[in-house]
Amino acid sequence: MSERKNGEQLVIHDIKDKILWAVKVRHAIVVLSLCLMLFAFFNKLDIGLSLGLIPFVAAYNIVAHIIYRLKKNYQLWQIISFRSVFQVFDVLAITFLIYITGGLESPYWFLYLVLIVISGFGAYSYAAFSVFLIAIFSAVFYLGLLLLTYRGVIPTYGPGFMLSPQELLRSIFNKAVFTTVSFFLFAATIYYFTKLIGEQRQQLSQKNKELLVALGELKDLDRVKDEFISNASHELRTPLSVIRENVSLVNDGIVGKVSQKQKKLLMSSQANVDRLARILDNMLDISKIESRMLALNRQRADLCEVASKAVELFGKKARDKNIRIETRFPGKVVAWFDPDQVLRVYINLLDNAIKFTAEKGAVTVGVEVFPREMRGFVEDDGIGIASADRARIFERFTRIDAEGLVGRRGAGLGLSICKGIIEMQNGRIWVESDPGKGSRFVFALPRVEVNE
Amino acid sequence: MSEKKMKILLVEDEPDMVEAVRIRLEANGFDVITASDGPDGLNKARTAGPDLVILDVMLPKMDGFKVCRMLKFDEKYRKIPIIMFTARTQQADLAQGKEMGADAYITKPFKSEELLAKIRELLG
């Protein structure tokens, strides 16, 4: 998961760097225009065009920079749609430039020719095609502008339509040096920018394809593991069932009389078969949790309700041992988690609490609410846990042996399963205890607000 | 002894399992017929007129869920109670078992008292 995230972040950085680069190129163009202007000034050439170009490009760059800065913290897809904004902006900007440098007289319409040529009619790449489209659109805008000035809808700056075609052509070609250089600079920056975005788009779609393939492979692997686990489960349980049934049949005297001594051994066998079955269950669960395959069914649920359910299930067991179960629920505590898995945690903790508490003791089950998390706890006044054991107790196959403990001994997996379940939901689980002073098992889960 | 014996169809592919369950059921006064794969089980359910069917989930040629579904979706055999045996305790499977219309669900290894209790419950 984290590797994938890194990949995404790398791509984002890459694009951001390149965009920053493109902006720098535009800055360079402003500087070049300034040089052009100085050159024209010292050579007593017509500086009108350069004067027109500089503040224009400068202003354009500043606005582009501002827009970029504003969008800096946005995510990838927004940077991509950013491209259309810029393209529209470019077209409008060029049209306006042409307008203020003389409309019909402005030599900047050469820009379109250059763009169309550079883009090679959009034949060789996605970026080139976009540039081609921009050039066509810009040409349309330009023709529209000409039409409007011709019709007198917008005022013109230069003589424009009054000149004869020869005079017009001569006027334009007089500014040839400036026009050509400026065209190329301007065209280049637009083209480069578009090419850049096109490139990134391609890279992203490529990455996307790769990720989809990897995801497909993972899903297949997942399915294979799932099938393996359920097959293994069946394979192991079938002989267990046969053994249990056979032992049970003999023990019940169905296939012949059984002596007391024989009965005792048979019952012990039965109990051990049951124990094997439980261990098997737990082992399969642990392996699923460890490979992150235990499917979490997160939903809006009330933690207090889950705790109450667990308490109900142990009613009889507690009464048998004369143990009082008290509850402490602060009303409804609703959050986003998997209630069935958390129920298992409560069941496990409650089972332990009752097991390790002497007759006539008390066990408390409850829920506590904190600003960003909720905690479930099970307290008992049993034998307690030494500090050395408190950390180990959540490890796999670890059982803390206790003096005088009566009752079935597990495989030491229950608490590690609880830990797995809680940690899979981004929670923590721990125990507060001292020998002889009882124990308090607590788990915390994030209390995420859910928008309905 | 005038009461007719209840007939139970046991569809299970593990022969040792079949033996053990048959002994248990016969000792409790039931008649037992068996089938060792899905299609055979389905066939016997339809032709041998059992009062109850015990169905294992993992069966060769056609899995238990399918057999259960086919019986339950058929007007004529819908009423026959079905108990499904399974080794899988995942909730998904439990849900699937209930969705397919099985009347009861027992995980292996099972306690024979549990099986007998469920049988008696379903046969009324």
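The one condition from (1) small (Gly, Ala, Ser); (2) assigned to a helix (DSSP H, G or I); (3) modelled with pLDDT under 85 that A:Ala310 does not meet is (3).
If the condition is being within 14 Å of chain B (Cβ to nearest Cβ) and among the aromatic types (Phe, Trp, Tyr), then region A:323-369 contributes no residue at all. Considering region A:185-236, and only residues there that are open to solvent by 80 Å² or more (accessible area, probe 1.4 Å) and among the β-branched types (Val, Ile, Thr), the residue that is modelled with the highest pLDDT turns out to be A:Val213. If you go through region A:326-356 and pick out every residue that is open to solvent by 70 Å² or more (accessible area, probe 1.4 Å), assigned to a helix (DSSP H, G or I) and over 13 Å from A:Ala307 (Cβ atoms), you end up with 0. Among the residues of region A:209-229, is there at least one that is at the interface with another protein chain (Cβ under 9 Å from one of its Cβ atoms) and over 20 Å from B:Asn28 (Cβ atoms)? Checked region A:209-229: no residue is at the interface with another protein chain (Cβ under 9 Å from one of its Cβ atoms) and over 20 Å from B:Asn28 (Cβ atoms). Within region B:18-31, restricting attention to residues that are buried (at least 19 other Cβ atoms within 10 Å of the Cβ) and touching a residue at least 12 places away in the same chain (Cβ under 8 Å), the residue that is farthest from A:Asn246 (Cα to Cα) is B:Phe30. Of everything in region B:1-17, what is within 14 Å of the chain's Cα centre (by Cα) and more than 10 Å from chain A (Cβ to nearest Cβ)? Give them in sequence order. Result: B:Met6, B:Lys7, B:Ile8, B:Leu9, B:Leu10, B:Val11. Is it the case, given these coordinates, that A:Val242 is within 14 Å of chain B (Cβ to nearest Cβ), in a loop (DSSP other than H, G, I, E, B) and hydrophobic (A, V, I, L, M, F, W, C)? Spelling it out, it is not the case that A:Val242 is within 14 Å of chain B (Cβ to nearest Cβ), in a loop (DSSP other than H, G, I, E, B) and hydrophobic (A, V, I, L, M, F, W, C).
One residue alone among A:Glu359, A:Glu395 is surrounded by fewer than 21 Cβ atoms within 10 Å (Cβ to Cβ), in contact with a helix residue (DSSP H, G or I) (Cβ under 7 Å, 6 or more places away or on another chain) and charged (D, E, K, R), and that residue is A:Glu395. What number of residues in region B:2-50 are farther than 27 Å from A:Val250 by Cα and in a loop (DSSP other than H, G, I, E, B)? Summing the residues that are farther than 27 Å from A:Val250 by Cα and in a loop (DSSP other than H, G, I, E, B) in region B:2-50 gives 7. Looking across region A:253-274 at every residue that is at the interface with another protein chain (Cβ under 8 Å from one of its Cβ atoms) and surrounded by 13 or more Cβ atoms within 10 Å (Cβ to Cβ), the one that is nearest to B:Ala20 (Cα to Cα) is identified as A:Ile254.
Consider region B:51-83. How many of its residues are part of a loop (DSSP other than H, G, I, E, B) and either touching a Leu at 6+ places or on another chain (Cβ under 9 Å) or within 14 Å of chain A (Cβ to nearest Cβ) (or both)? Walk me through it before giving the result.
Going residue by residue through region B:51-83, those that are part of a loop (DSSP other than H, G, I, E, B) are B:51, B:57-63, B:73-81.
Subset that is either touching a Leu at 6+ places or on another chain (Cβ under 9 Å) or within 14 Å of chain A (Cβ to nearest Cβ) (or both): B:51, B:57-60, B:62-63, B:77-78, B:80-81.
Here the count works out to 11.
Considering only residues that are open to solvent by 40 Å² or more (accessible area, probe 1.4 Å), closer than 23 Å to B:Glu114 by Cα and among the charged types (D, E, K, R), look in region B:32-80 and name the one that is nearest to the chain's Cα centre (by Cα). Filtering region B:32-80 for residues that are open to solvent by 40 Å² or more (accessible area, probe 1.4 Å), closer than 23 Å to B:Glu114 by Cα and among the charged types (D, E, K, R), the one nearest to the chain's Cα centre (by Cα) comes out as B:Asp51. For first residues located in region A:370-399 and on the phi > 0 side of the Ramachandran plot, partners that are in a strand (DSSP E or B) and lie 6+ apart or on another chain with Cβ distances below 9 Å form the pairs A:Gly384/A:Ser433; A:Gly384/A:Ser439.
The values are calculated or read from the model by the stated rules, or taken from the named source; none is laboratory data. Since this is a predicted model, take the numbers as computed values, not measurements. Cβ: placed from backbone, ideal geometry, glycine included. Neighbour counts: every protein chain shown. These area figures cover heavy atoms from the full protein model, side chains too; ligands, DNA and RNA do not enter into them. Shrake-Rupley method; radii C 1.70, N 1.55, O 1.52, S 1.80 Å.
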